Amino acid sequence: MTATPERTDDFNIYELFDYNLAYEIRLQDALEENMLAPFHYIGVTDYELNGEIGEEKTPLQNLVSSERMDYVEQQLNYYGYSGDQVHGLIFCSRKDEAKEVARIMTAKGYPSVALTGEDNVDYREQVIRDFEAGDYQYIVTVDIFNEGIDIPCINQVVMLRNTQSSIIFIQQLGRGLRKFPRKDFVTVIDFIGNYKNNYLIPIALTGDHSRNKNSLRSKLSTDQIIGMSTINFTEVAKQRVYDSINNSNLTELKQLRDDYQDLKKRLGRMPLLFDFTTHGSIDGSVLIAKYDNYYQFLLKMKEDVHLSIDEDMVLRMLSKELLNGMRIHELLLLKLLFEKDGVVSVGDFKKALEQVNARVDQKTLDSMLLILSLSFFKAADQDKYGRDAYVTLDNNQYRLNGQIKTAYQTNSFFKLLVDDVLATGLFKADGYDQTVPLTIGKKYTRKDACRLLGWEKDQTSTIYGYKMAYGTCPLFITYAKSQDIDDGIKYEDEFLNSQTMRMFTRHPRKIESPEVQTMVQGNASGELKMPLFVKKSDDEGIDFYYLGLVDIDQKSLRQESMVVKDGKIDPVVTMNLILEKPVQYSLYLNLTKD
């Protein structure tokens, strides 16, 4: 039995037991099952002294200044504890800090003692007995108590240090999770400074090891609830974690190699993309974004594998374009073609779509074929994927490219990786509503929108804020504009409420401009669908939340003006866009809060 299967000593516990895992339960599941005392985590901003916040190299005198310790005391009293008396554990970053914090806390009327690695075992055990008896209210420690210590009465855990490891974070949090009479919950107070590793906090608390920034940001945007436990951040503290996520490289080769080796040890074999997905580890899309396909990642992991150039290109296309599962059609057709020796009738394919509750309209089927024939893609992408169509339609039958079919049937490793991509993509497809082109609340790039809206060509480079084509006009709005962008594109689009967005057209435009009139009249007649995509800022990358279809409030059209480059004033039109459904409240707050 072990609480730490992922280890820092590189020892493979799984191999010791021939990879026979009798039972496993992670922190989040144990909390859901009421096996542990629930915790209430509060991430608060650390004290700002003379305009400076705590950092990795903050001087000791700042860490234990009277102002900071008064602030710490206020937070401990405000957030409190469960039970008759506080039994608190304070984690510091340095031994001298721990000793000084204990002295100051004692002077304030909270009997405290410092324990560090310098103290022998007998002294530690005596301190713990005194602590449990109530002689001390706080133990202040640095490099011990991460594991191997059982003090069930702990009802308050205080973190006055930088998070260096998600594993250590959970170990320290876990010191307070043992159940104890009259302890209904554990209060966890985390003082968050300007630390580059702040991104580890949501990873540790939620168990999200995907290394996907979108996933971490979405978890941070709302208060989390795990069983009876809660996770909350003050606004400033939340922004510090948010900034850390945006500014950190979560996919450094060393980190990915460690994650890969951990899973390989657990499985006793080379992991596949689907293994990462089902074991809650790295998000496969993160690996594909960095390495184009899983084969290239395996080469970086020094695995003895080989594909031909053509096989590598096919795997690259399947991975970069279809792995996300946003549309099930391409994935399902390829799976059937590989299973049925390269030929599937249109009728059989439609039946297969109906069985998984996916739409079977002709526009979607035509769009699917544009993707699998590669004609949708720009020349640069076709050069990466190969020029020959992967699938063609002939006499009401879909046919698989002969070279791809032969490679799949003769190269078992190529077959393994293709099947892996298809299985992972189909698994991810369950997270999308396959009865409609776009799922509200999910994130999409401009390229994704072009594909899923059925455009014949990828026109990503010419969309900018919006573009009318093929009966649709997708709108892409970055809510918080960077101060560094040109004034000519710094439009003041804004939510008026959770169902209404005020939008600016491009400049120079007037109400009578053909572009504006085509947009307004097409929307009014129903001939022009206008899906709205919004992201908080450019820090979030190229993905936008899809918020649904909008209608233009005809009465809201206004002729206005804006200052563009070099002080020039151009005409611009503003209009109110009415969403079919209000934006989910937590997402609305995330997008609109500065």
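Coordinate-derived values only; no laboratory data. A quick note: this is a predicted structure, and the numbers were derived from the prediction, not measured. No Cβ is skipped: glycine too gets one built from the backbone with ideal geometry, and neighbour counts run over all protein chains shown.
For segment 312-376, the set of trypsin sites (Lys or Arg not before Pro) satisfying both a DSSP loop assignment and a count of at most 12 other C-beta atoms within 10 Å is empty. Give, as ranges by residue number, the residues of segment 219-253 whose backbone N falls under 13 Å from the point 7 Å along Cα→Cβ of ALA480. From segment 219-253, the list is 221, 235-247. Just to confirm my numbers, what's the Cα centroid distance between segment 133-168 and segment 414-431 in Å? Cα centres, segment 133-168 to segment 414-431: 43 Å.
Beyond 28 Å in Cα-Cα separation lie the following of the pairs LYS219/LYS351; LYS300/LYS467; LYS213/LYS265; LYS290/LYS457; LYS219/LYS467; LYS213/LYS510: LYS219/LYS351; LYS300/LYS467; LYS219/LYS467; LYS213/LYS510.
The lysines whose alpha-carbon is closer than 17 Å to the alpha-carbon of LYS415, local same-chain residues fewer than 8 away aside, are LYS335, LYS340, LYS405. Protection proxy ranking of 114-123, 236-245, by the mean of other Cβ atoms within 10 Å over each peptide's residues and highest first, is 236-245, 114-123.
Once the chain from ALA107 to LYS350 is taken as fully extended at 0.36 nm per residue, the excess over their C-alpha distance is 79.9 nm. Taking amide H positions as modeled 1.01 Å from N, with prolines and chain starts lacking one, the residues under 5 Å from PHE233 and 5 or more places away or on another chain are GLY43. Site pair ASP143 and GLU512 shows an inter-label distance of 7.9 nm when each label is modelled 7 Å from Cα along Cα→Cβ. So which chymotrypsin sites (Phe, Trp or Tyr not before Pro) in segment 267-365 pass both tests, a DSSP loop state and at most 13 other Cβ atoms within 10 Å of the Cβ? Here no chymotrypsin sites (Phe, Trp or Tyr not before Pro) fit, given the DSSP loop and packing criteria. Helical runs assigned H by DSSP (4 residues or longer) give the chain a calculated mean residue ellipticity at 222 nm of -11500 deg cm²/dmol, each run adding -39500 (n - 2.57) before division by the residue total. Ordering GLU235, GLU303 from the fewest to the most neighbouring beta carbons within 10 Å gives GLU235, GLU303.
Ranked by the mean number of other Cβ atoms within 10 Å of their residues, highest first, the peptides 403-416, 201-214, 533-546 come out as 201-214, 533-546, 403-416. Exposure proxy for GLU67, GLU339: other Cβ atoms within 10 Å of each Cβ, ordered fewest to most, give GLU339, GLU67. Amide H to amide H distances under 5 Å link VAL188 with HIS40, TYR41, ILE42, VAL157, where only residues 5 or more positions off or on other chains count and H is placed in the peptide plane. For segment 283-429, the spread of Cα coordinates along the three principal axes comes to 45, 29, 29 Å, biggest extent given first.
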